[in-house]
Amino acid sequence: MKKLLAALLVTATSLSAAAQPVIDAHLAAAKKAAGTDFSGTIARLCIVPDAPVGGGAGGPRPIPDRATWYAEPARMFDNLYWVGTKIHSAWALQTSGGIILIDTLYNYAVEPEIVEGLKKLGLDPAAIKYVVITHAHGDHDEGARLLQDRYGAHVVMGAPDWDLIEKNVNIPGGVPKRDIVGEDGQKITLGDGSVTLVSTPGHTLGTLSLIFAVKDRGRPVTVAYSGGTAFNFPKDVARYDTYIASQKKMAEAAKAAGATIIMSNHSEFDDAWDRGRLVKLRRTGEPHPYELGNDAVQRYFTVTSECALAMREKLAQR
Ligand SMILES: [Zn+2]
């Protein structure tokens, strides 16, 4: 028995000794891919992956002081408006048929940021026809019910996330009534605009990422919108594998669509709040602060994949 235990220990030790260089290689690959463009993403995913994240299911929590989150809305592109907080993003894609809204923030922010924010930007919140929820966590879904009830907007979510939100009966703002189940490859079209859904399970099982076109001073450009990022999901190897496969899938979808812009629903990952202020200072001839190019979009997904591979390797060794 003692001999067997000793043998097992030797195996375990040699395994973890072999694992460390593998983990280090993934971390180095993530760091290289991040460069100076995605420091927030690498900090969250590779350096402090277990830190608590805003959102998640659960009961009511205290509303933070408005000064810590309130942000002025911004017209980010000709037809894409940012109506987020300093921390979380919501986006309004303006089309000839009305507005497709992406993500809805916490309940406390939906009125001041989305409803009032759209008005400040000269848009009518009653024109919101579709609300696409990228995943059913409080920081992105709590505002959905208000928009559904007040404006009759159609709410789109992945099937597993409809199940998730319906279990969470105490959601501030209320649970939206089940409406459109977003499928992989589905195109949500409104007037002359559309967003294409890419099913990217991992962060939640129903996470939807998006591909859509916007105009920058009249020039069409393509956005890859990552629907779920952090690793606050059950810690098992299979879940990491799912997440990693989704990053690869979204990178390919972004490449096929020629995306030069990567967006997220947290400023931590894409600096939305900063870019919303920078765009106001942009002069004629200057590049758009959000447009980092095809290569950067690919590097973003390398960062998320490589950090996940490092964490997966750690987990596999336990
Ligand atoms: Zn989340």
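The values are calculated or read from the model by the stated rules, or taken from the named source; none is laboratory data. Small disclaimer: the values here were computed from a predicted structure and weren't measured. Using ideal geometry, Cβ is built from the backbone for each residue, glycine included, and neighbour counts are taken over all protein chains shown.
One table, with the values for the structure above:
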item: Checking I211 against (1) surrounded by fewer than 23 Cβ atoms within 10 Å (Cβ to Cβ); (2) over 18 Å from W91 (Cβ atoms), the condition it does not meet; result: (2)
item: Any hit, region 222-240, residues being modelled with pLDDT of 95 or more, of a type in the set (G, A, S) and more than 16 Å from the chain's Cα centre (by Cα); result: yes
item: Condition check for T260: within 14 Å of the ligand (Cβ to nearest atom) and in contact with a strand residue (DSSP E or B) (Cβ under 9 Å, 6 or more places away or on another chain); result: no
item: Any pair with Cβ under 6 angstrom, 6 or more apart, that starts in region 39-56 at a residue that is at pLDDT below 80 and ends at one that is within 16 Å of the ligand (Cβ to nearest atom) and not hydroxyl-bearing (S, T, Y); result: V53/A230; V53/N232; G54/D139; G55/H137; G55/G138; G55/D139; G56/H137
item: Positions within region 176-225 being small (G, A, S) and either within 12 Å of the ligand (Cβ to nearest atom) or over 16 Å from F269 (Cβ atoms) (or both), in sequence order; result: G182, G185, G191, G193, S194, S199, G202, G206, A213, G218
item: F269 being free of Cβ contacts under 8 Å to residues at least 40 places away in the same chain, out of contact with any Leu (no Cβ under 7 Å at 6 or more places or on another chain), aromatic (F, W, Y) and not in a strand (DSSP E or B); result: no
item: Residue list for region 241-253, restricted to those being farther than 19 Å from A33 by Cβ and within 16 Å of the ligand (Cβ to nearest atom); result: T242
item: Enumeration of residues in region 226-240 that are closer than 24 Å to V297 by Cβ and away from the ligand (no atom under 13 Å from the Cβ); result: Y240
item: Only one of G285, G227 that is in a loop (DSSP other than H, G, I, E, B) and in contact with a Leu (Cβ under 6 Å, 6 or more places away or on another chain); result: G227
item: Residue within region 115-134 that is surrounded by fewer than 18 Cβ atoms within 10 Å (Cβ to Cβ), under 17 Å from the mean Cα position of the chain (by Cα) and at pLDDT 95 or above present; result: no
item: So H140, is it within 16 Å of the ligand (Cβ to nearest atom), not polar (S, T, N, Q) and not in a helix (DSSP H, G or I); result: no
item: Residue in region 279-294 that is farthest from the chain's Cα centre (by Cα), counting only those that are surrounded by 17 or more Cβ atoms within 10 Å (Cβ to Cβ) and hydrophobic (A, V, I, L, M, F, W, C); result: V279
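Each row is one residue, and each column tells you yes or no for (1) within 25 Å of S96 (Cα to Cα); (2) buried (at least 19 other Cβ atoms within 10 Å of the Cβ); (3) polar (S, T, N, Q); (4) at pLDDT 95 or above.
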residue	(1), (2), (3), (4)
D149	yes, no, no, yes
V155	yes, yes, no, yes
D161	no, yes, no, yes
N168	no, no, yes, no
R178	no, no, no, yes
G202	no, yes, no, yes
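Yes/no per residue for (1) free of Cβ contacts under 8 Å to residues at least 40 places away in the same chain; (2) within 16 Å of the ligand (Cβ to nearest atom); (3) out of contact with any Leu (no Cβ under 8 Å at 6 or more places or on another chain):
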position	(1), (2), (3)
L101	no, no, no
L105	yes, yes, yes
L121	no, no, yes
P125	yes, no, no
I128	yes, no, no
